[in-house]
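What follows is a set of notes on a single structure, which appears directly below.
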Amino acid sequence: SVMTVGELAEAIGVSAVELIKALIRRGVMANINQQIDFETAAKVAADFGVELVERTPEVVHQEKSLAEIVRASAQEPGAVPRPPVVTIMGHVDHGKTKLLDAIRHTNVAEGEAGGITQHIGAYQVEVQGRKITFLDTPGHEAFTAMRARGAQVTDIAVLVVAADDGVMPQTREAVAHARAANVPIIVAINKIDLPTANPARVKQQLAEIGVIVEEYGGDVPVVEVSAKQRLGIEDLLEMILLVADMHELKANPNRPAIGVIIEAKVDQRRGPVATVLVQTGTLKLNDVVVAGATWGRIRAMFDDRGRKVRRAEPSMPVEILGLENVPEAGDYLQVVEDERTAKEIATQRALKRRAEAAEARVVKLDEFHKGLEIGQTRELRLILKADVQGSLEAIQNALAKLNDELEGVGITVVHAATGAISESDVMLAATTGAIVLGFNVRPDVAARRAAEASGVDIRYYNVIYHLLEEVRAGVTGLLAPET
Ligand code: GDP
């Protein structure tokens with residue numbers, strides 16, 4: 001690992017001037033912002049009686065702590081700008097897949113060498129000499145799976161809205177997902193080639209759901225595109241770079257790698273194959289890694305064009321071979337010291353997961369109070385679905401009043417919308433620890449299946465008063481468990 005002269009001075013506890021003088025005595029001419037290698041740093045530190053220890057990979061058992069290490073690495077001395085990671089979201093048929101294809105082809109048109117893009121779960125394109133990484137699974141399924149382990153993979157969400165169709169239920173869901181993850185949104189109004197396209201109406205509708213575009217005095221950028229005719233794609237990519245710059249995305253390539261598994265499967269010939277999106281550090285051939293509840297040694301790596309690579313830097317997706325088993329999407333991958341450590345962490349995780357799966361970590365309204373008593377939670381999260389807008393608003397207003405009334409507990413509405421309870425609602429509930437309340441609506445088949453699998457609590461009402469009383473009873477611990 002490397003650090004600057006200024007940082008080393010601070011670490012040793014001497015002034016930069018003193019340190020620079022000491023370096024000169026050793027024949028090294030360096031200014032305060034210059035990076036020096038570990039060997040030199042250790043020698044000059046020894047001159048001040050300080051012993052420097054080179055950093056080895058952290059042994060981290062808790063996956064949530066890995067998310068923190070990734071975040072912290074952006075502030076490390078060696079941190080440099082990294083490409084943004086983008087997810088495309090939006091209503092079905094609004095053109096997410098087509099847009100991903102159009103973007104994928106922007107580079108090929110420039111005649112870049114290196115073959116056809118493989119579907120490994122993510123790909124990179126180059127714009128103005130800078131890279132952008134796109135997650136290849138449109139929609140928020142990937143998004144929520146990632147977040148289950150606390151991993152934040154997406155830096156920017158591109159919200160696709162068809163210019164002829166406007167804001168639809170899944171547009172709202174996408175907004176809720178992006179907001180829950182605190183990810184900035186860029187709106188891509190698609191299909192502007194159609195004669196029925198009405199971008200102005202789309203912007204108006206977006207404003208109605210709280211997505212205020214720049215034209216309307218908000219801060220959400222909009223780009224008009226046609227994925228089909230490949231119009232406006234460059235503008236969209238430039239906008240992504242602009243938003244990325246505003247967020248100063250950084251990572252430290254000079255450290256042991258940590259990444260997130262985007263996709264994984266067993267290949268008949270090659271065994272377990274996984275796509276990793278490196279979040280910090282550089283992943284190298286022969287690195288020993290833990291990936292979720294499995295481990296291995298990186299035997300081979302391929303980029304998104306199927307080319308063999310030896311290293312993968314931050315924000316780069318690579319397909320890896322060499323894992324013992326298939327990890328899950330959303331699992332963290334981390335480089336560790338040796339195989340013994342890797343095996344140990346993987347085994348412990350496998351056991352812990354089995355235990356957790358049995359316990360099912362979901363919030364039930366009739367058990368909420370227990371969590372409250374032991375100080376585990378202070379916030380009741382809700383997802384509201386109602387048949388009509390009027391009821392939805394009435395419930396939200398009443399809940400806001402109840403929230404003011406309750407002491408020490410917050411009621412947060414994670415998402416509120418009209419329409420049947422969908423699979424996406426259930427997934428959002430599972431990832432945010434929310435309870436789903438349906439007013440005069442029922443779940444569809446997929447939602448029911450998802451609720452059974454995840455254990456998410458769905459409750460139904462047709463009288464607003466009953467809904468409020470149950471929420472109140474849940475918070476105060478007076479709700480009788482369901483039999
Ligand atoms: P997804 O469900 O959001 O992934 O949507 P698709 O990418 O599959 O697109 C749905 C339909 O809209 C397909 O028939 C596309 O050909 C069409 N489509 C997508 N983008 C455009 C566009 O820019 N203009 C027009 N006219 N049609 C488009």
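The values are calculated or read from the model by the stated rules, or taken from the named source; none is laboratory data. All values reported here derive from a predicted model rather than from experimental measurement. When we count neighbours, we look across all protein chains shown, and the Cβ atoms used for this are built from the backbone with ideal geometry, even at glycine. Ligands, DNA and RNA are excluded from the accessible area calculation, which covers all protein heavy atoms including side chains. Shrake-Rupley method; radii C 1.70, N 1.55, O 1.52, S 1.80 Å.
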So which residues in region 74-95 are open to solvent by 40 Å² or more (accessible area, probe 1.4 Å) and among the β-branched types (Val, Ile, Thr)?
Val80, Val92
So if I check each of Arg179, Arg230, which one is open to solvent by 30 Å² or more (accessible area, probe 1.4 Å) and farther than 25 Å from Lys131 by Cβ?
Arg179
Within region 7-25, residues being farther than 12 Å from Val50 by Cβ and not in a helix (DSSP H, G or I) number 1
May I ask you to say which residue of Ile411, Ile395, Ile421 is under 13 Å from Gly474 (Cβ atoms) and in contact (Cβ under 8 Å) with a residue 12 or more places away in the chain?
Ile411
Tell me, please, whether a residue that is in a helix (DSSP H, G or I), basic (Lys, Arg) and farther than 18 Å from Leu428 by Cα can be found in region 187-207.
yes
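Here's the yes/no breakdown for (1) open to solvent by 40 Å² or more (accessible area, probe 1.4 Å); (2) within 16 Å of the ligand (Cβ to nearest atom); (3) within 17 Å of the chain's Cα centre (by Cα):
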site: Leu236; (1), (2), (3): no, yes, no
site: Leu242; (1), (2), (3): yes, no, no
site: Asn254; (1), (2), (3): yes, no, no
site: Val273; (1), (2), (3): no, no, no
Among (1) touching a Gly at 6+ places or on another chain (Cβ under 7 Å); (2) surrounded by 13 or more Cβ atoms within 10 Å (Cβ to Cβ), the one test that Asn33 misses
(2)
Any chance region 193-207 includes a residue that's away from the ligand (no atom under 14 Å from the Cβ), at negative phi and buried (at least 19 other Cβ atoms within 10 Å of the Cβ)?
yes
Scan region 214-241 and report the pairs whose first residue is under 18 Å from Asn198 (Cα atoms) and in a loop (DSSP other than H, G, I, E, B) and whose second residue is away from the ligand (no atom under 16 Å from the Cβ) and open to solvent by 20 Å² or more (accessible area, probe 1.4 Å), with Cβ atoms within less than 7 Å and a gap of 6+ or a chain change.
Pro221/Glu214; Pro221/Met239
From the option list Val225, Val290, Val220, Val211, single residue qualifying as surrounded by 23 or more Cβ atoms within 10 Å (Cβ to Cβ), within 30 Å of Ile189 (Cβ to Cβ) and more than 16 Å from the ligand (Cβ to nearest atom) is Val211
Any idea how many residues of region 304-320 are open to solvent by less than 20 Å² (accessible area, probe 1.4 Å) and either at pLDDT 95 or above or under 16 Å from Leu66 (Cβ atoms) (or both)?
6
